[in-house]
Every structure is written in structure tokens, then in C-alpha cells.
Amino acid sequence: MMNHRIIRLCIPALIAWSISAAAEEWTFRQCVDYARTNNISLQQSRLVGETAGLSLEEAKTQWEPTLDFTTRHTVGNSPWSESDKNTYNGTIGFNAAWTAYDGGARSAQIKRSRLDTQIASLETDDVMRTLETDLLRAYLNILYCKESIEIYREAVKLSDAQAERCRQLMEAGRVSRVDYAQLQAQAEQQRYNLSNATGTYDTRRMELKRLLELGIDTDLRLAPVVWTDSQVTDSLPPIAESYTLALHTDKKLEALRLQRDATALDVDIANAQRRPNIAITAGVGTNYFAPGEAVGTQLKQSLNEQIGVALSLPITDGKKAKTAITKAKIQQLNAALDEEARRNDIAQNVEAAYIDLRATQSRFAAAKEQLESARLSAELVDEQFSLGLVNTVELLTAHNNLIEAQHTLLQARFMAMLDRKLIEFYRTAEINL
């Protein structure tokens, strides 16, 4: 009875915990850890790795002999025979075979399969690396959209306040109805901008949920990240150093190196077709025929054992071996080119991140000054409008410039931190927000 009471008490607690966990804010690290377990593309890549492991085990068994059991039973009927009309014949046998030498193809194939398992593991790591950078972009996009929404909300409040103040001035006869209509239109435009920003925010959340393989009913909320201005404007490490580190941390490049080694083994496997093949065979069997002597006597007298050695020496094969060798060498050259192309891609990615970061750092510094200037200008124009010294066009222009400056600074901040985090990832293979 006590156990039932404990269960009844625990169930509501578990439900409350699950609701709380679903509603909590996700950190970037939690997103990465969750995706590592649940992302479908990553799971599929792991299955490829398991398949490669099975292929390795299969290749290892080529060193083992084969053994099979065969039995055959035949019943005959001769209705017009003057002697026995029905006959029976049965055979039983065990056969074994072992390839003693196959030109080195077997050893090369095992090495090739072992490299395939390592390549599959590295390719899974590369999928995770790509997923992590995709998560970073999606995460920062959501945070950017969230802050953008706050800017538009403040803009809506300000526009409503300006429209209300203009209405009061219009009723006092200090401004025209046209001025009031312009400010009302501005307020509606800001609401429209807020609605668009909210839609973009929901779209970005959907993209992150797709990467995390979350359901449609999941309320995904992210933990905010705060960066100081110095984190945005800090100097960068030498680009050559970052490139060297990126070469060591890139899993795809490492997989391509192993792929080049694997193609060299493919050449060895193809060359083995030109070498002799030696196989050892052995067997034991017996048979029984009826009508005839006793079963035991027949099985004993018919017992036979055999052992043999077979040598196969290729003389001509219609250029199959030559073609296989040539194709393997071409694949070897392609693998070397793929590796070189990946090095170039890494260099381009690192350089692009440096160029983008330096540009966004400059934009960030300029945007800070622009925002301060726009804020002072908006405050001044706001006071002048209250005194009737400026018209609504100048008021709207000043406040639109302020909103634009806020967005420019916000965008520069997030773009700079995205590029900085990508550079850190190229260097250390880790992302920390």
C-alpha cells in the first residue's frame, strides 16, 4: 500500500519536472549535446561506421578455412526391371578449403577495411563538426532576432507616444491633421515591422528545432548570451597560425589522408590479380546403396579421404588486371587532389572568417558612433517638435535613423561574434558561448 502511495506522489512530481525541463532555456552546449544524440544525419553516419566495422570482420575471416557438409539422397524406380525395381543411393561428405596464397590481396583488403572503419569514424566526426557550426549560426540568429524584436517593440511604444502627443497638439491647433496622420502611419509601420521580426524569429526557431529533431509542440527558448564590446573588438591571432591549427583539427582532411592511403592499398589489391593463387583442399565422405550390403559395412568400405593442392597461375585475363590497376591508380591521384582541394577550402574558410571579422569590427565601431549621434539627434528633434520648430517629416527621419542605427549595431555585434567563434572553432575544434 505504501508503494502505491509513493508512486501516486512521484507521478505528479515527474510530470512537473518534465514540464519544467521542457520550458527551461537551452544553452548552446545543451543544444550541441542533444543534437549529438538525436540528430538523424548524425545517427545515419554512425550506422555507416557500424557497417564498415562489419566489413572489417568479414575481411578478417578470409584467413580462415571454409568447411561445409554435403549430403545427397536419390531414389530410383525401374518398373520393368527383372531384378530390383526400387533403388536408393545416399552420399555424405565434409569438404574443407583454405587459400594459402592469393597474391597479398587478402592482407591488403584487411588493411583497406581497417582504414574504412577509421574513415567512417572521421566522417561521423566531420558531420558533427558541420552540425555544430550550423547550430551556432541558428542559435545566434535566434538571439539576434529576439533582440531585434525588442528594438521594434520600443519603436512601437515610441511611435504610439509620438502619435498621442501629436493628437494633443492637433487638438490644441499647433499641428495639422496631416502631421497626425503621418505619425499614425509611422506607428502602424512599426507594428508591421514588429510582426515581420516576430515571424522571422519563429522561422529561425523552427530551423534550430529541425537540427535538434524536436517536435512541433516543443517550446524552444534559448538562454541569452552577453558579450562585452572588448570581446567584439579584441585583436585576432595570426592568420597563418589559425590556418596551421585548422589543418590539424579538420576531421574531413584527416579522412581524406586516410582515403589516399586506402587507394594505395587498392593498387596492391589490383596487382594481386597478376600473381598466382595457391589453395589447399581436403575432404572426407562415404556412401550407401540399397539394395546392398549392411549399412554399416557400406559406410565403412566406401569411406574415402582426400587432400589436394591447387595452383592457379594467371596467363591472360582480357586485360582485367591491367584495367583494375589503372583504375586504382587513377583513384589514388583523385584522392591526392581531394586532399589538396580540402586544404584550399580550409585556407579559404579561415581567410574569409578573418576578412569578415575585420570588416564587422570596423562596422561595429562606426555603428557605435552612429548610434550615439542618432540618439542625440532624435532627442533634440523630439524637443524641437514639441516646440513646433520642426515638422513631422524631420521627426520621423530622426527616429527612423535611430532605429536603423540600433539594428546596424546589433547586426555588427552578432556577425562579429559569429566570425570570432568560427575562428576559435577552426583553431580548437570547440565552440563556447
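No value in this document is a laboratory result; all are computed from the given coordinates. This structure is a prediction, so every number in the text was calculated from the model and none was measured. With ideal geometry, Cβ positions are generated from the backbone for all residues, glycine too; neighbour counts draw on all protein chains shown.
Is it the case that region 413-426 has a residue that's over 21 Å from Asp229 (Cα atoms) and not hydrophobic (A, V, I, L, M, F, W, C)? Yes: region 413-426 contains one or more residues that are over 21 Å from Asp229 (Cα atoms) and not hydrophobic (A, V, I, L, M, F, W, C). Taking the criterion of being of a type in the set (Ser, Thr, Tyr) and surrounded by fewer than 17 Cβ atoms within 10 Å (Cβ to Cβ), the residues of region 355-392 that qualify are Ser362, Ser373, Ser386.
Per-residue answers, yes or no, for (1) within 30 Å of Leu158 (Cβ to Cβ); (2) touching a Leu at 6+ places or on another chain (Cβ under 8 Å); (3) without any contact (Cβ under 8 Å) to a residue 40 or more places away in the chain:
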position	(1), (2), (3)
Val295	no, no, yes
Gln298	no, no, yes
Gln306	no, no, yes
Lys319	no, no, yes
Ala353	no, yes, no
Arg358	no, yes, no
Ser373	yes, no, yes
Glu379	yes, no, yes
Glu383	yes, no, yes
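Taken together, Ala262, Ala279 contain a single residue that is over 21 Å from Leu357 (Cα atoms) and not in a helix (DSSP H, G or I), which is Ala279. Within region 244-277, the set of residues being farther than 15 Å from Ser121 by Cβ, of a type in the set (A, V, I, L, M) and within 24 Å of the chain's Cα centre (by Cα) comprises Leu245, Ala246, Leu247.
Within region 271-324, the set of residues being of a type outside the set (A, V, I, L, M, F, W, C) and under 20 Å from Glu64 (Cα atoms) comprises Pro276, Asn277, Thr281, Gly283, Gln306, Gly308, Ser312. Among the residues of region 291-319, just one is within 24 Å of Ala279 (Cα to Cα) and surrounded by 13 or more Cβ atoms within 10 Å (Cβ to Cβ), namely Pro314. Residues of region 280-330 that are under 54 Å from the mean Cα position of the chain (by Cα) and hydrophobic (A, V, I, L, M, F, W, C): Ile280, Ala282, Val309, Ala310, Leu311, Leu313, Ile315, Ala321, Ala324, Ile325, Ala328, Ile330. Annotation: of all residues in region 133-177 being of a type in the set (Val, Ile, Thr) and in contact (Cβ under 8 Å) with a residue 40 or more places away in the chain, the one that is surrounded by the fewest Cβ atoms within 10 Å (Cβ to Cβ) is Thr133. Looking across region 72-98, just one residue is over 52 Å from the mean Cα position of the chain (by Cα), polar (S, T, N, Q) and closer than 17 Å to Gln306 by Cα, and that is Thr91. With the condition kept exactly as written, say whether any residue in region 74-82 is in a helix (DSSP H, G or I) and among the hydrophobic types (A, V, I, L, M, F, W, C). No - not one qualifying residue is present in region 74-82. Any idea which residue in region 178-187 is surrounded by the fewest Cβ atoms within 10 Å (Cβ to Cβ), counting only those that are among the small types (Gly, Ala, Ser) and under 30 Å from Asp202 (Cβ atoms)? By that ranking, first place goes to Ala185.
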